[in-house]
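First up is the structure itself, then whatever we jot down about it.
The values are calculated or read from the model by the stated rules, or taken from the named source; none is laboratory data. Keep in mind the model is a prediction, meaning the values are calculated, not measured. In this analysis, Cβ positions are derived from the backbone assuming ideal geometry, glycine residues included, and neighbour counts consider all displayed protein chains. The area values use the complete protein model at the heavy-atom level, side chains included, leaving out ligands, DNA and RNA. Shrake-Rupley method; radii C 1.70, N 1.55, O 1.52, S 1.80 Å.
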Amino acid sequence: MSGAMPPDMAKGLEATKLSVMLGGHQVLDIPSFDVRPGEVLVIIGPNGSGKTTLLLSLASLLKPTTGTVLYQGIPYREGLSALQLRRKFAVVFQEPLLLNTTVWDNVALGLRLRRIGHHETNERVKKWLARFGMAPLARRQARSLSGGEAKRVSLARAFALQPEVLFLDEPFTALDSPTRQALIEDFESVLRETKVTTVMVTHERNEALVLADRVAVLMNGRMRQIGTPEEVFSRPADEETASFVEAGNILHGVIGSQNNELVTLDTNGQEIQAISALDLTVGTEVIAYLHYEDVTISLPSPQAMSSSARNQPRGRIVKTSPVAGSQVKVTLDCGFPLAAVITKRSWQELGLELGQVVAASFKASSVHLIPIPGKPSGLSPGVSEPAS
Ligand code: ADP
């Protein structure tokens, strides 16, 4: 702890004017960013977007080219030495990096280095190995473990340190799906229980949906959006974010009319109705974002037409692809491409097949309009309306 500056416990991690140059390129440019105490913040973004660089900068393992990082209001290096920070933080990398010794010793070693007493070390190792289901393997050589077991040990090792902040870089990749799922569930329950401030990097949006209090979207070294998973996945701030989170249809359209809040847009010659409180001029180009889950599919019949949804285009099934769980993504050609995610059971019950014409249906209030930056829209770029 710095003698000069008392820590401000109401603050977590803060970065200001952060920039990192690597190999002559600017890989990170973040004017300001914070991680609140006790929250789980998940950084998502495509490969090469700078996620690891940001994580390492926050964990004090990489010195930014310019800018300041602070923990509890105290700047790194000036106020807090690398050693002081290392004692408060724990980092879990994609590779478990286990030492060639027993599982028990792998978890105990960090505690011994921190001069934690023998009794407490034993208690903590026992507790965390058990918490991650590794107690029966305590005497095993770490290098004989499966990939999933090794990751469990590396998580136990991190939690045993009782860090103030936990950093994780893609901790669940390279695992088969059931192993990964079980581990994420255990990890999630530990996070809720310990309430440790957590920063995690992943390119898997599902992990962010399950674990995050807030999601930060990083693209090309810039922070594109920070918000609750709900906000980011249902109301992505821009087209690139929308296409990365891949949770919905992205349709390009031109505003045809606006009557109070009911907006009509023309997409590829077809009309779509949306609800928007924005003042949109006729002719404005927008992106309409529509969750796959908000599109329903039924057999074309007069009954389907009586649904209250304002949008009921017909379309031919042009593609199907499996989705996690027992769901299937069905892509229709309605004059514009439109995809829905339905259960395999519905697919079977409706007797659907490729090439068939079906009735799609979605509410005007499910259509989220995103202005195209640089196009006249009456909006500032990146500002998006709340879903109605
Ligand atoms: P992510 O974690 O999102 O995949 P990284 O933070 O690992 O992204 O990398 C961001 C960018 O920085 C990438 O374009 C990567 O190629 C580049 N980069 C990373 N490390 C180095 C390095 N040591 N030298 C030069 N460029 C690097």
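General remarks:
- With Cα atoms, 0 to 90° folded angle of helix 147-160 axis to the chain main axis: 60 degrees
- In degrees, nearest ten, helix 177-194 long axis to first principal axis of the chain (Cα): 70 degrees
- For Arg224, residues with placed amide H under 5 Å, excluding near neighbours: Val217, Leu218, Met219
- A simple rule links phi to the HN-Hα coupling: the Karplus curve 6.51 cos²θ - 1.76 cosθ + 1.60 with θ = phi - 60°, which for the range 343-359 gives 6, 4, 5, 4, 4, 5, 4, 7, x, 7, 8, 4, x, 6, 8, 10, 9 Hz, with x for Gly and Pro.
- Sites Glu185 and Arg114 - FRET efficiency at Förster radius 22 Å, r taken between beta-carbons, to 0.05: 0.15
- Modelled this way, with points 7 Å down the Cα-to-C-beta line, the labels at Leu299 and Glu239 are 3.9 nm from one another.
- Rounded, prolate or oblate (a/c below 1.5 giving rounded, otherwise prolate when a/b exceeds b/c) for the range 1-82 by Cα gyration tensor: oblate
- Per-residue HN-Hα couplings for the range 221-229 [Karplus 6.51, -1.76, 1.60; θ = phi - 60°; Hz; x = Gly/Pro]: x, 10, 7, 8, 6, 10, x, 5, x
- Tensor-based shape of the chain (alpha-carbon gyration tensor, a/c under 1.5 rounded, otherwise prolate or oblate): oblate
- Under 5 Å, built H, 5+ apart or other chain: amide partners of Leu28: Val20
- Distance (nanometres) between label positions extended 7 Å along Cα→Cβ at Lys195 and Ser177: 3.6 nm
- Heavy-atom surface of the chain, accessible at 1.4 Å and reported per residue (Å²): 47 Å²
- Among the protein heavy atoms, those of Val328 account for about 20 Å² of accessible surface (1.4 Å probe, every chain in place).
- With R₀ set to 41 Å, the beta-carbon distance separating His203 from Asn259 gives a calculated FRET efficiency near 0.45.
- C-alpha center-to-center spacing [the range 41-64, the range 66-98] in angstrom: 13 Å
- Here the Karplus relation 6.51 cos²θ - 1.76 cosθ + 1.60, evaluated at θ = phi - 60°, turns the backbone of the range 18-30 into coupling constants of 7, 9, 10, 9, 10, x, x, 10, 7, 9, 9, 8, 10 Hz, with x for every Gly and Pro.
- Taking every DSSP helix (H) stretch of at least 4 residues in the chain, weighting each as -39,500 (n - 2.57) and dividing the sum by the residue count yields a mean residue ellipticity at 222 nm of -7500 deg cm²/dmol.
- 5 angstrom amide H check on Gln327, placed H, neighbours 5+ away: Lys344
- For the pair Asn100 and Arg139, a Förster radius of 22 Å applied to the C-beta separation gives a FRET efficiency near 0.90, rounded to the nearest 0.05.
- The C-alpha atoms of the chain define a longest principal axis, and helix 118-131 lies at about 20 degrees to it.
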